[in-house]
1. For the pair R316 and N378, how long in nm is the line joining their label points, each one 7 Å along Cα→Cβ?
2. Can you tell me the accessible area per residue over the chain, all protein chains present, probe 1.4 angstrom, in square angstrom?
3. At A356 and A405, where each label point lies 7 Å from the Cα along Cα→Cβ, what is the point-to-point distance in nanometres?
4. E186 versus Q166, label points 7 Å from Cα toward the beta carbon: distance in nm?
5. 5 Å is the cut-off here: which amide hydrogens, built 1.01 Å from N in the peptide plane, fall below it relative to S177, excluding neighbours closer than 5 in sequence?
6. Could you pull out every residue, at least 5 positions away or on a different chain, whose amide H is within less than 5 Å of the one on L239? Hs are placed 1.01 Å off N in the peptide plane, and Pro or chain starts have none.
7. Quick check on the chain: of the DSSP beta bridges with both residues there, what percent are antiparallel, nearest 5%?
8. Calculate, in whole percent, how much of the Cα-Cα pair population of the range 1-160 lies beyond 25 Å.
Amino acid sequence: MNSAALYQHRWLMIRLPLAVLALALASLVWVRLYPMPPTKLTISTGLGDGAYQLYAKRYVEAFGRRGIELTVLVSEGSSQNLERLQAKPPAADLALVQGGYGWSSPTSEHSRDDGVQTLASVDIEALWLFSRNPPIRSLLQLSGLRVAAGPERSGHRVLLQRLLTQQRIGMDELIWSDLSGLAASEALTRGEIDAVFMVASPTSPGVMTLLVNPSLTLATLQRTTAIAERNNYLESRLLPQDGMGPNLPPSDTPMLTTPAHLLVRQDLDPALKRIATAVAVEVHGEAGAFHRAGEFPSLRSSDFPSAPEARQVLLRGLGTLENLLPFWWVQVLQRLLIICVPLLLLTLALFRVVPAWVRWRLESRITRWYGELKFIENDLINRNVDVGGMELSRIDGRLREMDLAIGTLKLPKELAQRWYTLHQHVDFVRSRIRGYRGR
């Protein structure tokens, strides 16, 4: 197709293909390179009557206000939660895990390179040990007792087994029960078991049920500081008298505590990590038995590498758009600004540049003929006054060829005036040659 027809139909042949190409490129970048994040997430928590389940219910409400649907999966404990995050394909996007399951624990079976990140430490959980007899003061007293520490894969049992191993107590020296929470409390009250061990937040329903039962006593373990020094994911704290209500506990009680972590898949969309961190700030910002308001969530004691998006939100909060608009609309606006606006500006620029370049090519053809005319004029001027007939005939022949070539030149209507002007200038030069012949 010649340039004249291309320029004459520039809207159909230049600008429309450019618009279609820009739209296709924007769609490709949107879908392949910068896809929309999902608006449905899954969180793996714990047993149905635990504190993790209570947190998850508040997460569902907070995510829902931002336009994200959160599905809650009940699990046997922290081990299964981690497995769901690390599964291929992953079975969960978020998980609540007790301290001691990351790289900071020397006995942990997990490594730093497991595709899991910490969004925040969201709460402090205590190691609770209840019995019917006078308070247990040492883990050595558990030998030979019937102890309920949750299912085999639960975080309660795994942590207790680590501590017992450090005390050189064999696992077969205890009679293990899979009960936990309210079921364990009822079994302990009926005398079916001798002790209940759990790692839980003070707000956990199972903990409160055991504390308020007058027939049960809370263990006052000795040498808690030494145990915490040996396990860097534990910390020795004091649960003050009446710290959880009147006469709960009846006296100051030394406790071992560990942080609870909100974990996330490392490959989860960064925007969802920011939203999840903001939800954690909303849910866990209140005071607790072991911490002041605003102390959590934090990244001070993280079992896994912290997510950069979490540090950003904890330091500066969410961006303005993420605070004002639902999650989906924020993502659409971001892609419009990052993908569509630059492509739109580039397309508008090409709308002007490409037709201008085609016009320049057409005008350059006329300019070349003007250069040929100028060469002929210079040839006449630089010669002597008496130009021979042979030379004049040669020049006249060149002008006829030029006139015929110009006649076949196709130009759009916008350049028709220059086409006629070029014809006039060719005739002008031919008239000068006829003047030379008349001398």
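1. 6.2 nm
2. Computed with neighbouring chains in place, this is 51 Å² per residue.
3. For the pair A356/A405, the computed spacing is 2.9 nm.
4. Placing both labels 7 Å along Cα→Cβ, they lie 3.5 nm apart.
5. Distant-sequence amide H within range of S177: V147, A148, A149.
6. Under 5 Å from the amide H of L239: T253, M255.
7. 65 percent
8. 54 percent
The values are calculated or read from the model by the stated rules, or taken from the named source; none is laboratory data. Note that this is a predicted model, so its numbers are computed, not measured. We place every Cβ from the backbone using ideal geometry, glycine too, and count neighbours over all the protein chains shown. Please note that ligands, DNA and RNA were not included when accessible areas were found on the heavy atoms of the full protein model with its side chains. Shrake-Rupley method; radii C 1.70, N 1.55, O 1.52, S 1.80 Å.
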